[in-house]
1. For L100 and V166 in the same chain, what is the full-extension length gain: residue separation times 0.36 nm, less their Cα-Cα distance, in nm?
2. Running Debye on the stretch 82-123 with equal point scatterers at the Cα sites and no solvent, what base-10 log of I(q)/I(0) appears at q = 0.20, 0.21, 0.25, 0.28 Å⁻¹?
3. Provide the net charge surrounding V213, with neighbours chosen by a C-beta distance below 14 Å and charges set as Lys +1, Arg +1, Asp -1, Glu -1.
4. Return the distance in nm (one decimal) between the two label points of a simple spin-label model at I236 and F112, each offset 7 Å from Cα along Cα→Cβ.
5. If you average the sequence gap of Cα pairs under 8 Å that are 6 or more apart and divide by the length of the stretch 165-294, what percent do you get for the contact order?
6. Could you work out the local net charge near A94, counting Lys and Arg as +1, Asp and Glu as -1, over the other residues with Cβ closer than 13 Å to its Cβ?
7. Any number yet on Rg/Rh for the stretch 87-193, C-alpha, Kirkwood?
8. Place +1 on the Cβ of every Lys and Arg and -1 on the Cβ of every Asp and Glu in the stretch 120-249, take the dipole about the Cα centre, and give the residue among A237, F127, A141 whose Cα lies farthest towards its positive end.
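FYI, it's all coordinate maths here, none of it is from the lab. The shown structure was predicted, so the numbers you read here are calculated from the model rather than taken from an experiment. Neighbour counts are summed over all protein chains in view; Cβ atoms, including those assigned to glycine, are modelled from backbone coordinates with ideal geometry.
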Amino acid sequence: MRSSNPVFSRRGFSRDNGYAGFNAAPQAGYAQGNPYAQGNPHAQGGNPYASNPYAQQDQQYGAPPQAPVTTGRMTMDDVVMRSAMTLGTVAVGAALAWALLPVSTTSYGLAFVSAIIAMVLALVQSFKRTASPALILGYAAFEGVFLGVISEMYNSQWSGAPFQAVLGTMAVSAATLLVYKAGWIRVTARYARIGMAIAIAFVLVTAVNLLLVAFGVASDGGLRSFGPLGAIVGIIAILIGAFFLTLDFKQIEDGIAYGAPREEAWLAAFGLTLTLVWIYVEMLRLVAIFSNND
């Protein structure tokens, strides 16, 4: 079962500079949580958006320096609106797939094809230097079809599982935001490196487990079974999703502070959607596991 998880790399991650934007001078521009792009094209020093050509003149005449003009810069409202559009597209696609596609082999095949198309669109967007709303919304629509089919499948076996997974995803997101805003977690370069190492190790172990199951070496799903071991792995996966949420929050916060272009709000929405989809899919599995043990 596919989980679109941003784990291998995120825009802003630089081998030379650590995680760009964390405990560093403001960067030129800003790029949000693209899970597949390599390097940070904006990680060269200085912030052109923070420059004020009148600052020297203001100081000369004794006036305090004025803040740079923020027209065309990303704001929290921009991020919220784009995220609502992207997640709303996912929700509409899921609802239509649930309503129009009965649980069957055909619907499973369509879900698989939709997942592949969503992944391709995500990859194309990830390698682009600029945000493409059409690609991002297209990804969201096909991802929604995939989620709608698998949610209906889970609901047919564990009634109410999708609703519980949605509530769980909301709870994890709210708790992560609370912890982040309270300052209990400091998103530093060291924090990002350790978290990325754990996430990459998790994905590699999961991939090996999938191969072992496919070749019959491991039975009942191996590490991804619906037993106690599967529950532990699922909890770890959700914690990794929460880790990526903290990176998303930090990048959004820094992007607004550094005066990133308004188009970057689409990349912020894209990164958040990838992370929330990951958490939802893992939460869906976890609900099913606990339902089996009732």
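1. Fully extending the segment from L100 to V166 adds 21.7 nm.
2. Scattering profile of the stretch 82-123, log10 relative to I(0): -0.71, -0.77, -0.95, -1.02.
3. Result for the neighbourhood of V213: 0.
4. The modelled label-to-label distance comes out at 2.8 nm.
5. 37 percent
6. Local net charge: -2.
7. Taking Rg over the Kirkwood Rh, I get 1.07.
8. Farthest towards the positive pole: F127.
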